[in-house]
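The values are calculated or read from the model by the stated rules, or taken from the named source; none is laboratory data. Everything numeric in this text was worked out from a predicted model, so none of it was measured. When we count neighbours, we look across all protein chains shown, and the Cβ atoms used for this are built from the backbone with ideal geometry, even at glycine. Areas reflect the complete protein model, heavy atoms only, side chains present, ligands, DNA and RNA absent. Shrake-Rupley method; radii C 1.70, N 1.55, O 1.52, S 1.80 Å.
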Amino acid sequence: MNRWLKVSLLLVLSLLLGLGGCAAEQTAPPAPKPTVNRALYGQHVTLTGTSNTQDLGGIRTKSGQTLKAHRLLRSDQLSELTQADRRRLTQKYQVRAIADLRSTAEIKDNPDVPIPHVAYHQDSVVTDNYNVRTTQQFYQGLVTDRVALRGYSAFFDQLLQRKTGATVFHCTYGKDRTGVGAVLVLSALGVSRKTILQNYLYSNQNLAQDAHIQFKGQANFAGKSRRRVHHIRRVKRANLEAVYQRINARYGSMTNFLRRLGLTPAKQKQLQRLYLTQ
């Protein structure tokens, strides 16, 4: 009888220890989430009405300087901003100007929500029928079409006049026209091509999943496969490479292209003084 009692006690102890081990595993804290590298991506701006808004502050240049926080924000369209979003943009991020890169028709169909005391600039870099192209032709047009040169040139002029506060520049998804705009600004500020590419591809982490968002003039998504819709909302390295190739072929270098937009060496230094840490 004593023998069976000992065996029973051992079994109970083993069971209790086993449960204790399981309990310990279940109460263990979850692994910490990976942090985003601000030197490459800046910082995500959480808003109810957008999904692809980034503060470029913190991105590192080739010289070791960084972009100032709350000076340059890139985004998707601002037509769904809530009152809280507007308050957050103006109070926390000190937004004082908006540069809208969309076509006139897009702006008419989905106008930005007005924000009191924030200047609005229509810097369209495409015409209303811009979609009649392949993706790479569209990207290359952003550095050769007259309307694009005029729009990006105006955008740079506005940045040079903005001594304090932040400018939000955006299109529909915040990935193509805004992506090329970011390429140009980051290049002018001395950010490496490698960092610019990584920053460009980061839109894939942020892109909106709302099915109702689409390009003006594009066929309705009804009847299209989910894979096709997903493809429209992604950016690819090849598209950005096409931009660099066209710039080099047409202008000889990024520096020459920036000069074509009116960014002389003196203005480029002024831009760096305004938007980089010293």
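With a/c under 1.5 counting as rounded, go ahead and sort the range 135-204 into rounded, prolate or oblate using the C-alpha gyration tensor (a ≥ b ≥ c being the square roots of the eigenvalues; past the cut-off, prolate if a/b is larger than b/c, else oblate). Here the range 135-204 falls in the oblate category. For the range 139-187, applying the loop criterion from DSSP together with a ceiling of 13 other beta carbons within 10 Å to the trypsin sites (Lys or Arg not before Pro) yields Lys163.
The share of accessible area on the range 137-207 that comes from carbon and sulfur is 43 percent, using a 1.4 angstrom probe.
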